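Just so you know, all these numbers are worked out from the coordinates, no wet-lab data involved. The structure displayed is predicted, hence computed values, not measured ones. We place every Cβ from the backbone using ideal geometry, glycine too, and count neighbours over all the protein chains shown.
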Amino acid sequence: MKKYKPTTPGRRGMTTVTYRGVLTTDKPHKSLTKGVKRSVGRNSAGRITTRHKGGGHKRLYRDIDFKYDKRDIPARVESVEYDPNRSSFISLVTYNDGEKRYIVTPQGVKKGATFVVSEKAPIKIGNRMRLKNVPVGTFVHNVELKPEGGAKIIRSAGNSAEVQGIDAGYVLLKMPSTEVRKVNENCFATIGEVSNDEHKLVTYGKAGRSRWKGIRPTVRGSAMNPVDHPYGGGEGKAGRGRRRAVSKWGKPTGIGQKTRRSKKYSNNLIVSRRKVGKKRK
């Protein structure tokens, strides 16, 4: 992490990720980029469906390969780059047949490293194989939920899941949330954890930096009027006035409250529910 001297109030306590020595270029590969219009929390009718989103710097979208459908063809990492659309770093890779693609960079992978997507790939950081061929205790990321469906989970900075066993055609994965979940053994996963593990330690330091990221201000419910929030109203600095924490719409929220739908499609794949609060390890 890079820390700054408190030369201004905004600099006091501000931190950033150290990119020097990690990133190898500051310009993306043009043929793998495109312009994108961000929804900024609005639906197709233009109405706000997710609060606190909007503004921010214009972004160029990098087309990331989550399908990994080039099998048994070795690839070489040409560069490690910053991506404004995700928390992890990305890498430009060149396959032996000459095709270039972007992938999410595994932790520890540098320019010049090689990897392969194969059912018989060796256990090496960056290699990709079916979960049934991954030894117990190995950490993986970029995991598919359906065979040949492309990587769907464990893609953000510093995350990984631990392989805990195989049971009746499913592999048990301990997720970053501490939930233990069953995933089809024929799904592909990448060995190692996702790069940029310092991402969660960043302190923005000032409100303006949040606005650059497209994050708008969040107002406390207790500062609102009764018509706007369940916590609103009261004389002076009033407490919550309710036994349980709720959202603006009266739904349960906060640490320790279960918000998962009782009939969610994947309930039968959950072996152990995630731990919440101080018990979480």
- Task: State the answer as a single residue: which of ILE123, TYR82, SER31 lies farthest towards the positive end of the charge dipole of the chain, with beta carbon charges of +1 for Lys and Arg and -1 for Asp and Glu, about the Cα centre.
- Result: TYR82
- Exposure proxy order (Cβ contacts within 10 Å, fewest to most) of LYS152, LYS174, LYS120: LYS120, LYS152, LYS174
- Item | Extension gain (nm, one decimal) between ASN267 and ASP63, 0.36 nm per residue minus Cα-Cα | 70.2 nm
- Query: So for the pair ILE123, LYS3, with labels modelled 7 Å out along Cα→Cβ, what separation do we get in nm?
  - Reply: 3.9 nm
- Flagged as over-length at 23 Å C-alpha distance, from LYS34/LYS100; LYS70/LYS264; LYS152/LYS263; LYS146/LYS174, the pairs are LYS70/LYS264
- Task: Identify, among THR105, ALA157, VAL134, the residue whose Cα sits farthest towards the positive end of the charge dipole of the chain, taking +1 on the Cβ of Lys and Arg and -1 on the Cβ of Asp and Glu, with the dipole about the Cα centre.
- Result: ALA157
- Message: How big is the dipole moment of the chain about its Cα centre under a simple scheme where the beta carbon of each Lys and Arg is +1, that of each Asp and Glu is -1, and everything else is neutral? Debye, nearest 20, please.
- Response: 1740 debye
- Item | Evaluated at q = 0.24, 0.26 Å⁻¹: base-10 log I(q)/I(0), Debye formula over Cα of segment 195-281 | -1.11, -1.16
- Message: Cut-off is 10 Å between beta-carbons; in what order do ILE215, ILE64 appear when sorted fewest neighbours first?
- Response: ILE215, ILE64
- Item | Largest-first principal axis extents, alpha carbons of the chain, Å | 69, 51, 41
- Message: 7 Å from Cα along Cα→Cβ at both SER247 and VAL227: what's the point-to-point distance in nm?
- Response: 2.3 nm
